[in-house]
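Q: After the structure tokens below, expect a handful of questions from me.
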Amino acid sequence: MEKFDVTIIGAGPGGYVAAIRCAQLGMKTALIEKYPSLGGTCLNVGCIPSKALLDSSEHFHNALHNFKEHGIDIPEPKVNIKQMIERKRNVVKMTVDGINFLMKKNKITVFTGHGSFVTKNQIEILKADGSKEQIETAKTIIATGSKPSSLPGIDIDKKRVITSTEALELTEVPKHLIIIGGGVIGLELGSVYGRLGSKVTVVEFMDRIIAGMDGALSKELQRVLKKELSFEFLMKHKVTGTKASAKEVTVSALNSKDEKVEIKGDYCLVAVGRKPYTDNLGLEKIGVKVDNRGKIETDDHLKTSVDGIYAIGDVIKGAMLAHKAEEEGVFVAEQMAGQKPHINYNLIPGVVYTWPEVAAVGYTEEQLKEQGKKYKVGSFPFKASGRARASMDTDGFVKVLADETTDEILGVHMIGPRTADMIAEAVVAMEYKASAEDISRMSHAHPTFTESMKEACLDATGKRALHI
Ligand code: FAD
Ligand code: NAD
């Protein structure tokens with residue numbers, strides 16, 4: 001039986017990054033992935049394919065609605081969904097090929113098959129052809145990720161009632177796409193099809209979309225999606241069921257007055273969150289504990305209840321984000337090597353890749369109020385930015401929350417052009433405990449979207465913004 005210092009189960013961004021770092025630190029490393037394609041949810045059916053379609057659909061939307069204003073006259077563009085999906089597949093393939101290369105480069109042994117514990121130090125790999133292989137391992141990292149959740153009364157038939165996975169592979173543009181859940185997946189994939197011409201109805205249980213983010217972001221994003229893509233929002237509606245026929249789907253919900261509402265469309269995307277995936281891992285056999293939501297329990301060092309077994313990414317507590325999983329992969333590897341790494345969970349940014357993009361890090365205004373913290377607010381609207389006017393991206397703003405006494409930045413919340421990239425400045429600033437004044441005294445290239453961050457910091461530092 002082949003012996004390894006460490007075995008990682010699951011080759012998503014948590015698992016493959018953990019494998020690379022373990023190998024870099026000199027450990028003999030095995031990586032087990034049940035699908036032939038490495039990269040997990042993120043590369044195959046998550047971050048990368050959704051961004052590929054967001055980019056393609058954004059080009060189409062601009063060609064249709066904005067080129068004329070820029071002085072570019074073209075015949076009316078048409079959607080070629082087959083080519084769009086094909087390009088997306090190529091982007092995924094190139095990215096997955098890159099991971100295969102990295103595994104070889106780092107001399108990581110990759111096993112293709114379903115991994116499960118036989119004992120705490122023995123793992124069985126069940127291959128697609130039914131054959132089995134066992135390996136021995138000193139330590140294990142569980143990185144088995146997550147799968148889409150559903151709701152009682154909803155039958156996901158993967159044809160008319162679909163999850164994000166099927167929504168990334170549609171062969172036609174829906175006429176009316178009903179989306180259950182106004183969270184990240186619903187709004188990103190809703191944007192893709194809204195831009196391509198679908199009527200989009202979002203049915204959301206809460207009174208606001210992207211509920212975990214600062215309320216000002218939810219409000220602005222909802223306003224822009226209504227204005228730009230004619231999204232219809234049914235807020236405070238609890239979905240109770242779906243009924244699909246060959247060509248149609250009916251979604252039933254209860255509104256805030258408990259009245260029954262029915263919505264008819266040709267596709268329904270269920271985007272009500274994701275659940276940890278630990279099926280047939282053999283956790284019970286070796287005593288790894290899970291909580292009441294099925295997440296593997298870990299301590300501050302990401303150790304499970306069994307010595308030598310760690311867990312990272314979507315399968316444990318915390319945000320279900322690729323970069324969070326990656327940080328945890330590196331953290332566990334370095335810890336195993338005797339180092340003392342650290343993750344500041346409060347400074348893991350969150351991004352929604354709609355247009356305008358939404359990005360945030362640190363505390364929201366709601367959280368600061370709840371903590372009873374005294375804070376100052378600085379904000380700057382993109383309509384006052386020359387760069388944003390030049391690119392016709394004037395919706396949105398940057399909002400900076402700073403400690404009232406020390407001026408330390410406590411949270412940054414942005415909605416606007418390229419804020420997914422702009423948020424990095426806020427992360428650096430907050431990691432180094434910068435004050436709003438620190439940022440406002442640093443030169444930001446002109447004209448750039450990033451000047452809006454500087455201006456929001458100036459606004460927080462005694463209302464000194466220069467361009468509002
Ligand atoms: P996963 O990526 O889920 O990988 C787990 C892997 O383990 C899978 O490949 C699975 O096949 C394998 N596995 C499971 N059990 C076994 C077993 N027993 N044996 C062998 N292999 C096993 N996050 C972002 O940060 N940014 C984004 O833009 C973003 N966009 C997203 C868009 C969509 C549509 C979706 C669905 C998700 C998106 N996410 C995004 C979330 C992101 O994909 C996840 O947070 C991330 O993939 C979690 O990484 P992970 O390594 O924990 O698990
Ligand atoms: P989510 O938790 O973001 O949103 C789910 C929404 O569904 C919530 O607003 C919730 O109130 C609503 N909901 C739940 N039950 C309902 C009901 N009965 N009727 C109506 N609405 C209901 O989940 P998601 O959008 O499915 O995304 C899953 C995960 O994937 C997220 O944790 C996210 O972090 C990750 N993801 C991240 C990105 C990104 O980083 N850009 C993109 C996509 C997905």
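Q: So THR140 ticks every box in (1) within 16 Å of ligand 1 (Cβ to nearest atom); (2) assigned by TED's automatic domain parsing to the domain that holds ASP266; (3) open to solvent by less than 10 Å² (accessible area, probe 1.4 Å); (4) touching a residue at least 40 places away in the same chain (Cβ under 8 Å) but one. Which box is left unticked?
A: (2)
Q: Same structure again: Identify all residues within segment 294-324 that are assigned to a helix (DSSP H, G or I) and in contact (Cβ under 8 Å) with a residue 40 or more places away in the chain; write none if there are none.
A: Across segment 294-324, the qualifying residues are GLY313, ASP314, VAL315, ALA322, HIS323.
Q: Can you name the residue in segment 1-26 that is part of a loop (DSSP other than H, G, I, E, B) and surrounded by 24 or more Cβ atoms within 10 Å (Cβ to Cβ) and, of all such residues, is farthest from ligand 1 (Cβ to nearest atom)?
A: That would be ALA11.
Q: Is it fair to say GLU172 is free of Cβ contacts under 8 Å to residues at least 40 places away in the same chain, among the acidic types (Asp, Glu), more than 16 Å from ligand 2 (Cβ to nearest atom) and open to solvent by 50 Å² or more (accessible area, probe 1.4 Å)?
A: Here the answer is no, as GLU172 does not meet what is asked.
Q: Hey, another quick one. Within 11 Å of ligand 1 (Cβ to nearest atom) and either among the polar types (S, T, N, Q) or closer than 27 Å to ILE125 by Cα (or both), is that true of THR304?
A: Considered against the rule, which asks whether it is within 11 Å of ligand 1 (Cβ to nearest atom) and either among the polar types (S, T, N, Q) or closer than 27 Å to ILE125 by Cα (or both), THR304 comes out as no.
Q: Look through segment 325-346, keep the residues that are assigned to a loop (DSSP other than H, G, I, E, B), closer than 30 Å to HIS413 by Cα and not hydrophobic (A, V, I, L, M, F, W, C), and return whichever of them is nearest to the chain's Cα centre (by Cα).
A: Residue satisfying both the conditions and the ranking: ASN344.
Q: Given the conditions (1) open to solvent by 70 Å² or more (accessible area, probe 1.4 Å); (2) under 23 Å from ASN344 (Cβ atoms); (3) under 26 Å from the mean Cα position of the chain (by Cα), and given that ARG418 satisfies all but one, which numbered condition is not satisfied?
A: Of (1) open to solvent by 70 Å² or more (accessible area, probe 1.4 Å); (2) under 23 Å from ASN344 (Cβ atoms); (3) under 26 Å from the mean Cα position of the chain (by Cα), only one is false for ARG418: (2).
Q: Now, a different point. Output the residues belonging to segment 355-400 that are closer than 17 Å to ASP421 by Cα and open to solvent by 70 Å² or more (accessible area, probe 1.4 Å).
A: The one that is closer than 17 Å to ASP421 by Cα and open to solvent by 70 Å² or more (accessible area, probe 1.4 Å): ARG387.
Q: Additional query: Inspect segment 253-274 for any residue being of a type in the set (Ser, Thr, Tyr), open to solvent by 20 Å² or more (accessible area, probe 1.4 Å), modelled with pLDDT of 95 or more and over 17 Å from THR140 (Cβ atoms) and give the result as yes or no.
A: Yes, the conditions are met somewhere in segment 253-274.
Q: Step by step: first the residues of segment 309-338, then only those that are on the phi > 0 side of the Ramachandran plot and surrounded by 15 or more Cβ atoms within 10 Å (Cβ to Cβ), then the one that is farthest from ligand 2 (Cβ to nearest atom). Which residue is that?
A: That would be GLY313.
Q: Need a quick list: strands (runs of 3 or more DSSP E) entirely within segment 248-293 having at least 2 residues that are under 26 Å from the mean Cα position of the chain (by Cα).
A: Fully inside segment 248-293 and qualifying: 267-270, 274-276.
Q: What's the number of the only condition in (1) more than 30 Å from SER245 (Cα to Cα); (2) open to solvent by 20 Å² or more (accessible area, probe 1.4 Å); (3) within 16 Å of ligand 2 (Cβ to nearest atom); (4) of a type in the set (Gly, Ala, Ser) that SER305 fails to meet?
A: Among (1) more than 30 Å from SER245 (Cα to Cα); (2) open to solvent by 20 Å² or more (accessible area, probe 1.4 Å); (3) within 16 Å of ligand 2 (Cβ to nearest atom); (4) of a type in the set (Gly, Ala, Ser), the lone unmet condition for SER305 is (3).
Q: Still on this structure, I have one more. Quick one: which of LYS433, LYS376 is in contact with a strand residue (DSSP E or B) (Cβ under 7 Å, 6 or more places away or on another chain) and more than 20 Å from ASP214 (Cα to Cα)?
A: LYS433
Q: I would also like to ask the following. Can you tell me how many residues in segment 211-229 are among the charged types (D, E, K, R), in contact (Cβ under 8 Å) with a residue 12 or more places away in the chain and farther than 16 Å from ASP393 by Cβ?
A: Count: 1.
Q: Which residue pairs have Cβ atoms closer than 7 Å, lie 6 or more positions apart in sequence or on different chains, and pair a first residue in segment 67-84 that is at pLDDT 95 or above with a second residue that is of a type in the set (Gly, Ala, Ser) and in a loop (DSSP other than H, G, I, E, B)?
A: VAL79/GLY197
Q: Taking the options ILE178, ILE156, name whichever one is crowded, with 21+ Cβ neighbours inside 10 Å, more than 9 Å from ligand 2 (Cβ to nearest atom) and not assigned by TED's automatic domain parsing to the domain that holds GLY287.
A: That would be ILE178, the only listed residue that is crowded, with 21+ Cβ neighbours inside 10 Å, more than 9 Å from ligand 2 (Cβ to nearest atom) and not assigned by TED's automatic domain parsing to the domain that holds GLY287.
Q: For segment 219-234, give me each residue that is surrounded by 20 or more Cβ atoms within 10 Å (Cβ to Cβ) and in a loop (DSSP other than H, G, I, E, B).
A: Within segment 219-234, just PHE231 meets the criteria.
Q: Follow-up. If we only count helices (runs of 4 or more DSSP H) wholly inside segment 27-132, which ones have 2 or more residues that are of a type in the set (Ser, Thr, Tyr)?
A: Result: 47-65.
Q: Only one residue in ALA216, ALA211 is near ligand 2 (Cβ under 8 Å from one of its atoms) and open to solvent by 20 Å² or more (accessible area, probe 1.4 Å). Which one?
A: Exactly one of ALA216, ALA211 is near ligand 2 (Cβ under 8 Å from one of its atoms) and open to solvent by 20 Å² or more (accessible area, probe 1.4 Å), namely ALA211.
Q: Just give me the residues in segment 40-57 being in contact with a Gly (Cβ under 7 Å, 6 or more places away or on another chain) and open to solvent by less than 30 Å² (accessible area, probe 1.4 Å), in sequence order.
A: Within segment 40-57, GLY40, CYS42 qualify.
The values are calculated or read from the model by the stated rules, or taken from the named source; none is laboratory data. This structure is a prediction, so every number in the text was calculated from the model and none was measured. Ideal geometry is used to build each Cβ from the backbone, glycine not excepted, and the neighbour counts take in all protein chains shown. The protein model used for the area step is the full one, side chains on, heavy atoms only, and it has no ligands, DNA or RNA in it. Shrake-Rupley method; radii C 1.70, N 1.55, O 1.52, S 1.80 Å.
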